[in-house]
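*Asks:* This structure is in structure tokens; I'll ask about it shortly.
The values are calculated or read from the model by the stated rules, or taken from the named source; none is laboratory data. Worth saying up front: this structure is predicted, and the values here are computed from it rather than measured. With ideal geometry, Cβ positions are generated from the backbone for all residues, glycine too; neighbour counts draw on all protein chains shown.
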Amino acid sequence: MENLLQVGAVTSTHGLKGEVKVFPTTDDAHRFDALKEVILNTGKEQMTLQIERVRYFKQFVIVKFKEFNDINEVQEYTGFGLFVTRENAQPLAENEYYVADLIGCRVVLEDGTDFGTLTDVMETGANDVYVVETEEKKEVLIPAIHDCILDVDIKNQVIRVHLLEGLL
């Protein structure tokens with residue numbers, strides 16, 4: 001399990017005073033209201049940034065970090081992800097999982113037969129859809145509903161599924 005969970009990505013600068021426009025990658029964009037700090041991952045380094053102010057514009061979060069006061073200071077960080085530690089992550093309800101914990105899980109059929117590996121989670125309006133690469137290297141989409149997802153064991157990284165007729 002990864003210790004860092006992505007909550008957003010810096011898409012561009014906003015204004016001249018060091019604010020950035022963030023595309024939230026969390027279920028609840030307003031969770032930024034409760035955050036005091038985030039970790040900016042540039043691929044080469046990780047910087048802990050203190051959040052000074054947050055406001056909302058359309059589907060974006062406008063964030064002002066204490067460390068930056070000018071557009072020129074933040075311009076180089078567009079395109080990079082913002083993360084929180086698992087300790088600062090939103091608590092999960094029953095039968096909820098962090099996507100980062102699901103990716104890479106082994107997927108087995110209800111009889112225990114290996115089926116494949118979960119490679120992605122697509123968010124749709126009604127429910128999530130698990131993207132599974134089968135043993136034959138084919139991609140199968142499985143809706144994340146109780147009829148299909150029988151058991152999720154994050155500790156052992158195994159998801160037990162029932163394939164509804166027509167999914168293959």
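*Asks:* Does any residue of segment 62-72 turn out to be part of a strand (DSSP E or B), more than 30 Å from Lys155 (Cα to Cα) and touching a Leu at 6+ places or on another chain (Cβ under 6 Å)?
*Replies:* Scanning segment 62-72 turns up at least one residue that is part of a strand (DSSP E or B), more than 30 Å from Lys155 (Cα to Cα) and touching a Leu at 6+ places or on another chain (Cβ under 6 Å).
*Asks:* For segment 140-151, how many residues meet the condition of being farther than 14 Å from Val121 by Cα, of a type outside the set (Asp, Glu) and assigned to a strand (DSSP E or B)?
*Replies:* Residues flagged as farther than 14 Å from Val121 by Cα, of a type outside the set (Asp, Glu) and assigned to a strand (DSSP E or B) within segment 140-151 amount to 1.
*Asks:* Need pairs with beta-carbon distance below 8 Å; first residue closer than 16 Å to Asn95 by Cα and within segment 136-147, second of a type outside the set (Asp, Glu) and part of a strand (DSSP E or B); sequence gap 6+ or separate chains.
*Replies:* Listed by first residue and then by second, the contacts come to Pro143/Val129; Pro143/Tyr130; Ala144/Val121; Ala144/Val129; Ala144/Tyr130.
*Asks:* Looking for something outside the structural domain of Glu135 (by TED's automatic domain parsing), on the phi < 0 side of the Ramachandran plot, in a strand (DSSP E or B) and of a type in the set (A, V, I, L, M) - is there at least one such residue anywhere in segment 81-91?
*Replies:* yes
*Asks:* Does Glu96 satisfy the criteria of being modelled with pLDDT under 90, over 28 Å from His14 (Cα atoms) and in a loop (DSSP other than H, G, I, E, B)?
*Replies:* Answer is yes for this residue.
*Asks:* Among the residues of segment 25-42, which ones are at pLDDT below 90, in contact with a strand residue (DSSP E or B) (Cβ under 7 Å, 6 or more places away or on another chain) and not in a helix (DSSP H, G or I)?
*Replies:* Across segment 25-42, the qualifying residues are Thr25, Thr26.
Results for (1) outside the structural domain of Thr124 (by TED's automatic domain parsing); (2) buried (at least 19 other Cβ atoms within 10 Å of the Cβ); (3) not in a strand (DSSP E or B), shown as yes or no for each residue.
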residue: Gly8; (1), (2), (3): yes, yes, no
residue: Ser12; (1), (2), (3): yes, no, no
residue: Phe23; (1), (2), (3): yes, no, no
residue: Lys44; (1), (2), (3): yes, no, yes
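*Asks:* What residue, of Asp120, Asp111, is in a strand (DSSP E or B), under 30 Å from Ile142 (Cα atoms), acidic (Asp, Glu) and free of Cβ contacts under 8 Å to residues at least 40 places away in the same chain?
*Replies:* Asp120
*Asks:* What's the total number of residues in segment 117-134 that are touching a Ser or Thr at 6+ places or on another chain (Cβ under 9 Å), surrounded by fewer than 16 Cβ atoms within 10 Å (Cβ to Cβ) and not hydroxyl-bearing (Ser, Thr, Tyr)?
*Replies:* Matching residues across segment 117-134 total 0.
*Asks:* Something else now. Can you find a residue that is out of contact with any Phe, Trp or Tyr (no Cβ under 7 Å at 6 or more places or on another chain), farther than 30 Å from Arg160 by Cβ and touching a residue at least 12 places away in the same chain (Cβ under 8 Å) anywhere in segment 88-108?
*Replies:* Checked against the condition, which is being out of contact with any Phe, Trp or Tyr (no Cβ under 7 Å at 6 or more places or on another chain), farther than 30 Å from Arg160 by Cβ and touching a residue at least 12 places away in the same chain (Cβ under 8 Å), segment 88-108 yields at least one hit.
*Asks:* Determine whether Gly18 is in contact (Cβ under 8 Å) with a residue 40 or more places away in the chain and either under 30 Å from Val152 (Cβ atoms) or in contact with a Ser or Thr (Cβ under 8 Å, 6 or more places away or on another chain) (or both).
*Replies:* no
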